[in-house]
1. Could you run the Karplus curve 6.51 cos²θ - 1.76 cosθ + 1.60 with θ = phi - 60° over the range 44-53 and give me ³J(HN,Hα) per residue in whole Hz, x for Gly and Pro?
2. What's the FRET efficiency of residue 54 with residue 21 using the Cβ-Cβ distance as r and R₀ = 25 Å, to the nearest 0.05?
3. Taking 22 Å as R0, compute the FRET efficiency from the Cβ-Cβ separation of residue 89 and residue 40 and round it to 0.05.
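Every number in this text was worked out from the coordinates using simple rules, so none of it is lab data. Since the structure is predicted, the reported quantities are computational estimates derived from the model, not experimental observations. Every residue, glycine among them, receives a Cβ derived from its backbone with ideal geometry; neighbour counts consider all protein chains shown.
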Amino acid sequence: MNGTTPSSDSQQLHQQLPALISALHDLAEQHQGDALVLLELLRSLENLHREICENLFLDSLPDNRQALYALLRDIENTGGWPYIYRRKLEWILQKLPEEMVEELTREPAISPKDLTFDSDG
């Protein structure tokens with residue numbers, strides 16, 4: 001810990017987080033309609049989530065039962081475990097016009113011969 005109390009850390013987070021969320025929301029709105037940019041933003045958010053969870057959160061877990069109980073109680077009372085939902089490809093196909101789905105599924109975009117690899121590389 002950096003010498004601040006958990007309550008001051010939480011207060012600082014509640015002051016900084018809305019501006020960060022607003023900036024990300026503005027960035028997403030600026031690129032509305034550009035699926036590739038928005039996909040990259042979603043991937044970046046997912047990677048950040050994973051990095052915080054695996055590298056920072058796990059190292060900060062409590063080392064006694066009382067603190068662990070308080071953490072679990074907070075998770076239960078304030079909305080559960082944060083989770084980033086991953087859409088399935090089928091969901092995207094459902095959003096496309098029917099003619100486009102028929103065209104995409106009629107012929108494979110990649111033939112099996114395109115998937116062979118040379119032993120050199």
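1. 5, 5, 5, 5, 4, 4, 5, 4, 5, 5
2. Details: r = 22 Å, r/R0 = 0.88.
It comes out at approximately 0.70.
3. Values: r = 17 Å, r/R0 = 0.79.
It comes out at approximately 0.80.
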